[in-house]
Amino acid sequence: MLILLPPSEGKASSGEGPRLDPGTLTLPELTGARERVMAALADLCSGPEETALETLGISARQADALKRNLDLATAPTLRAADLYTGVLYDRLGLPDIPDARVLIFSGLWGVVGPADRLPPYRLSMGVKLPPLGGLGSYWRREAAAPLDEFTGGQLLVDCRSSAYAAAYAPGTGVAVRVLRERVVDGVARRTVVSHMAKATRGDIARSLLLEGVDAATPEELVSALRDLGHTVELPERHVLNVVVRD
């Protein structure tokens, strides 16, 4: 069983490790594809600032991200487990979990593992990066076959957001959907939540990793999560509802 995660917009601002070596990252078969994205990103960020900011979907207050993108080859690195911050990663506590069975999807790298050493950067999967186009489609083309071979038919617990899910559609995946349940006038009503979903997905991933759960089927996953105290349902074979009650 493997857990699929998105990255986070929030990242550590600097590292202390050696320079990036793309060939050492998880799935080295993607080295060429990663280098093409790095080159395209460098071209963008070395051009007109206004164009780069607009393409990356960031504001002028975040313009320092352009320099980080230009320094990818020389900047000190840190483990992906330490690089990504934000709500999901705060709840997950990935640095505290050795040998975590996790894949992290990225607009820049395609997919990485927790121990991969990366420089800070800014590039989301939703960006249309000239001349490569939409990064979700780009990585779907480049990474599908290597990922299929790497995952080897394992159950994939998919905690990614929709933008990152577009980069890979696993045949053995179970998408984690978070529903908020509230009782209104005596009737239980459910809504899909967004911000809370990040925290809940972090909690789910942490529970599974700390307890060493290795479910082979969606049904085994449901049983394990219920044993761990989570309220979960399997409305479809490839969708796991996690119900959070007020």
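Can you name the number of the only condition in (1) open to solvent by 40 Å² or more (accessible area, probe 1.4 Å); (2) closer than 21 Å to residue 105 by Cβ; (3) touching a strand residue (DSSP E or B) at 6+ places or on another chain (Cβ under 9 Å) that residue 15 fails? The failed condition is (1).
Highlighted here are the helices (runs of 4 or more DSSP H) found entirely within the range 132-232 that include at least 3 residues which are of a type in the set (Ser, Thr, Tyr): 135-151. Within this structure, residue 133 fails the test of being free of Cβ contacts under 8 Å to residues at least 40 places away in the same chain and closer than 27 Å to residue 207 by Cβ.
Screening 200, 191 for residues that are open to solvent by less than 60 Å² (accessible area, probe 1.4 Å), β-branched (Val, Ile, Thr) and not assigned by the TED database to the domain that holds residue 149 leaves exactly one candidate, 200.
Residues of the range 66-96 that are aliphatic (A, V, I, L, M) and either surrounded by fewer than 17 Cβ atoms within 10 Å (Cβ to Cβ) or assigned to a helix (DSSP H, G or I) (or both): 66, 70, 73, 80, 81, 83, 87, 88, 92, 94.
Do we find a residue being open to solvent by 30 Å² or more (accessible area, probe 1.4 Å) and under 21 Å from residue 225 (Cβ atoms) anywhere in the range 103-113?
No; the residues of the range 103-113 include none that is open to solvent by 30 Å² or more (accessible area, probe 1.4 Å) and under 21 Å from residue 225 (Cβ atoms).
For first residues located in the range 102-127 and outside the structural domain of residue 204 (by the TED database) and among the polar types (S, T, N, Q), partners that are at pLDDT 95 or above and open to solvent by 10 Å² or more (accessible area, probe 1.4 Å) and lie 6+ apart or on another chain with Cβ distances below 7 Å form the pairs 106/7; 124/57.
Go through the range 16-65 and report how many residues are part of a loop (DSSP other than H, G, I, E, B) and within 20 Å of the chain's Cα centre (by Cα).
Going through the range 16-65 one residue at a time, the tally reaches 6.
Of all residues in the range 169-178, those being among the aliphatic types (A, V, I, L, M) and surrounded by fewer than 18 Cβ atoms within 10 Å (Cβ to Cβ) number 1.
The values are calculated or read from the model by the stated rules, or taken from the named source; none is laboratory data. Just so we're clear, the structure is a prediction, and the values are computed from it rather than from any experiment. As a convention, Cβ positions derive from the backbone with ideal geometry for all residues, glycine included, and neighbour counts pool all protein chains shown. Calculation scope for accessible area: heavy atoms of the full protein, side chains included, ligands and nucleic acids excluded. Shrake-Rupley method; radii C 1.70, N 1.55, O 1.52, S 1.80 Å.
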